[in-house]
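Notes follow the structure.
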Amino acid sequence: MMAAGLPESASTIAPRVDHLFYAVAGVTSAVGIAIFALIIIFGIRYRAESKAPRPEPSPETQARTRRNIEIVWTVTPLLLFLTAFAWAARIYVERASAPPDAMEVFVVAKQWMWKLQHPGGQREIDELHVPRGRAVKLVMTSQDVIHSFYVPAFRLKQDVLPGRYTEMWFVATTAGRFHLFCAEYCGTDHAHMGGDVVVMEPAAFDQWLNEHRGAADMATRGEMLFRQYGCSGCHGQNATVHAPNLAGIFGKPVPLSDGTTVIADERYIRDSILLPRKEVAAGYPPIMPSFAGQIEEDDILDLIAYVKSLAPTQERPR
Ligand code: CUA
């Protein structure tokens, strides 16, 4: 659906963002037009040589009128702004919380490309294939500077930062090819950093997934890396070193040595690999070495996928 003056609209949130945009633009335009119209009308009617009546109201009338005017022009904008705020906050909150059954795609930004990986191991560069009508959640990080993942047709833009994960989710409503931009100045080739989001019918998407299956899915690659980097030496089932067992840890609270508790999410696992002294699990000596500077962001995502797959309640992603 093409809205006047706006880019194509191809996600469930897009029309809602557009309605808010039109409402705010409409109200501010109406106020702006009314003010300019009054300036012109009063300028002509009460110009210096005009004979328009200029009665002097009594002091009581003046005081009452002033008070009423003050109330009206304080309360009216307040209500307008609060309405816009509540409306926008509803969209924002929905935008910020992905449904739990959303399909995940992992994004690593770098100067100057988008690297994307599906849980099944399918990898893409500057192109993201997604099914129509299904919630897709992007878990994003950057290998160097700040980038921003921007799909105008979805009305979504999210900064992608080094050293942390940001998320964005959407349900695409129209099959087709939609341009993806980098919306944060990130160096020489910023203007060329982009690509396409390709929205496919669900059956065609499943076929695409099958045809682009990699050598291994993310969890399997993560398992290989887990051995390669020596993680299994301490965290493995038969390890002699006293290190936390990772099976079933994902999504669970972890008590820390400082008495606080954190949820073992993507962020926690990433920080445990790169900054192991930051949050030491209670009851364990702080002997884990840091892997900062030794592991690529994509490999960390694979390791996280592996730890996730160890959850006894969760099925191993295939
Ligand atoms: Cu990446 Cu601009």
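The values are calculated or read from the model by the stated rules, or taken from the named source; none is laboratory data. Not measured: the values here are computed from a predicted model. Cβ placement follows ideal geometry from the backbone for every residue including glycine, while neighbour counts extend to all protein chains displayed.
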- Please specify each residue of segment 161-195 satisfying the condition of being free of Cβ contacts under 8 Å to residues at least 40 places away in the same chain and near the ligand (Cβ under 9 Å from one of its atoms). PHE181, ALA183, GLU184, TYR185, ALA191
- Query: Out of all the residues in segment 49-91, which are under 30 Å from VAL139 (Cα atoms) and surrounded by fewer than 10 Cβ atoms within 10 Å (Cβ to Cβ)?
  - Reply: ALA86
- Right, PHE250: among the hydrophobic types (A, V, I, L, M, F, W, C), touching a helix residue (DSSP H, G or I) at 6+ places or on another chain (Cβ under 6 Å) and closer than 21 Å to SER142 by Cα or not? no
- Of those in segment 86-139 that are assigned to a strand (DSSP E or B) and among the aromatic types (Phe, Trp, Tyr), the residue nearest to the ligand (Cβ to nearest atom) is TRP114
- Query: Could you list, in sequence order, the residues of segment 204-224 that are of a type in the set (A, V, I, L, M) and in contact with a strand residue (DSSP E or B) (Cβ under 9 Å, 6 or more places away or on another chain)?
  - Reply: ALA204, LEU209, MET218
- Per-region count, segment 140-155, residues assigned to a strand (DSSP E or B) and not hydroxyl-bearing (Ser, Thr, Tyr): 4
- Task: Taking the options LEU138, LEU128, name whichever one is touching a residue at least 60 places away in the same chain (Cβ under 8 Å), crowded, with 19+ Cβ neighbours inside 10 Å and of a type in the set (A, V, I, L, M, F, W, C).
- Result: LEU128
- Unmet requirement for GLN158, which otherwise passes all of (1) away from the ligand (no atom under 16 Å from the Cβ); (2) under 30 Å from ARG277 (Cα atoms); (3) not in a loop (DSSP other than H, G, I, E, B): (1)
- Task: With the condition kept exactly as written, say whether any residue in segment 14-30 is in contact with a strand residue (DSSP E or B) (Cβ under 9 Å, 6 or more places away or on another chain) and either under 30 Å from ASP196 (Cα atoms) or surrounded by 10 or more Cβ atoms within 10 Å (Cβ to Cβ) (or both).
- Result: yes
- Message: If a residue counts only when it is of a type in the set (A, V, I, L, M, F, W, C), which helices (runs of 4 or more DSSP H) contained entirely in segment 199-311 have at least 3 such residues?
- Response: 202-211, 218-228, 266-274, 297-309
- Test: residue in segment 140-148 that is more than 11 Å from the ligand (Cβ to nearest atom), hydrophobic (A, V, I, L, M, F, W, C), closer than 26 Å to GLU296 by Cβ and modelled with pLDDT of 95 or more: no
- Which one of GLU223, GLU211 is modelled with pLDDT under 95, of a type in the set (Asp, Glu) and surrounded by 17 or more Cβ atoms within 10 Å (Cβ to Cβ)? GLU223
